[in-house]
1. Of B:LYS38, B:LYS13, B:LYS67, B:LYS74, which residue is among the basic types (Lys, Arg), more than 11 Å from the chain's Cα centre (by Cα) and under 28 Å from A:ASP56 (Cβ atoms)?
2. Within the group B:LYS65, B:LYS38, B:LYS19, which residue is within 16 Å of B:GLN82 (Cβ to Cβ), touching a residue at least 40 places away in the same chain (Cβ under 8 Å) and open to solvent by 60 Å² or more (accessible area, probe 1.4 Å)?
3. Which one of these is open to solvent by 80 Å² or more (accessible area, probe 1.4 Å) and aliphatic (A, V, I, L, M): B:LEU45, B:LEU11?
4. Scan (1) more than 9 Å from chain A (Cβ to nearest Cβ); (2) outside any loop (DSSP other than H, G, I, E, B); (3) open to solvent by 10 Å² or more (accessible area, probe 1.4 Å); (4) farther than 23 Å from B:PRO14 by Cβ for the single condition B:ALA79 breaks and write down its number.
5. Mind counting the residues in the stretch A:30-72 that are within 14 Å of chain B (Cβ to nearest Cβ) and open to solvent by less than 50 Å² (accessible area, probe 1.4 Å)?
6. Looking at (1) open to solvent by less than 70 Å² (accessible area, probe 1.4 Å); (2) more than 10 Å from chain A (Cβ to nearest Cβ), can you tell me which one B:LYS74 breaks?
7. Suppose we keep only residues that are surrounded by fewer than 16 Cβ atoms within 10 Å (Cβ to Cβ) and part of a loop (DSSP other than H, G, I, E, B) within the stretch B:82-104. Which one would you say is nearest to the other protein chains (Cβ to nearest Cβ)?
8. Exactly one condition in (1) under 17 Å from B:TYR102 (Cα atoms); (2) within 11 Å of chain B (Cβ to nearest Cβ); (3) crowded, with 20+ Cβ neighbours inside 10 Å is not met by A:THR102; state its number.
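The values are calculated or read from the model by the stated rules, or taken from the named source; none is laboratory data. If you're wondering where the values come from, they're calculated on a predicted model, not measured in any experiment. Note that we place each Cβ from the backbone using ideal geometry, even for glycine, and neighbour counts take in every protein chain shown. SASA here: full protein model, heavy atoms, side chains in, ligands and nucleic acids out. Shrake-Rupley method; radii C 1.70, N 1.55, O 1.52, S 1.80 Å.
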Amino acid sequence: DIQMTQSPASLSASLGETVTIECRASEDIYSNLAWYQQKPGNSPQLLIYDANSLADGVPSRFSGSGSGTQYSLKINSLQSEDVASYFCQQYNNYPFTFGSGTKLEIK
Amino acid sequence: QVQLQQSGAELVKPGSSVKMSCKASGYTFTSYYIYWIKQRPGQGLEWIGRIGPGSGDTNYNEKFKGKATFTVDKSSSTAYMQLSSLTPEDTAVYYCARGAGYWGQGVMVTVSS
């Protein structure tokens, strides 16, 4: 199985700041990577697919980048509504696997 | 609009089975795979597998072979997942999803005597 190593596990930042979350795959996943946001009690919501494509309705302050084994999610101008957990997922190989998550809080 | 409506929470005893449903609407049910994902309380996400409602073909995570069984009822646009031989480690929220972008609200399964 492809291992997805996500960092950091938790993150505290101020409103208006830019934050970056990273995922490293144990092998090349050819940009077959998605990022999700999950708020407590809710289902995960798709933010980014194919490593850098913004899902419908997602604010443009979210962006994804990367290739090969290294990927990142950037959130510009952090808003209070961005408090959530964030997960990456590879869908290049079965079984599709997720990162362990990053919990984002506001300082 | 695409919707996936899952069945309600379950409290079940160790060793028993549970079958949950995922009713799809707003699209052609047979045209998209349904995925099943597990999330233990306060934990990350695990991909259980997927089923193609049109063909019935399935892909299971090896970890869940023998534990999870996927079926569909095309007449009602509903996908099902049965979990067997339940243990406390199966206590989790189980989601169905259509691709990456559409998720059900989840089913909380609690395994307890």
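1. B:LYS74 is the lone residue from the list that is among the basic types (Lys, Arg), more than 11 Å from the chain's Cα centre (by Cα) and under 28 Å from A:ASP56 (Cβ atoms).
2. Checking each option against the conditions leaves just B:LYS19.
3. B:LEU11
4. Just one mismatch for B:ALA79, condition (3).
5. Total meeting the criteria: 18.
6. Just one mismatch for B:LYS74, condition (1).
7. By that ranking, first place goes to B:GLY101.
8. Only one criterion is unmet by A:THR102, namely (1).
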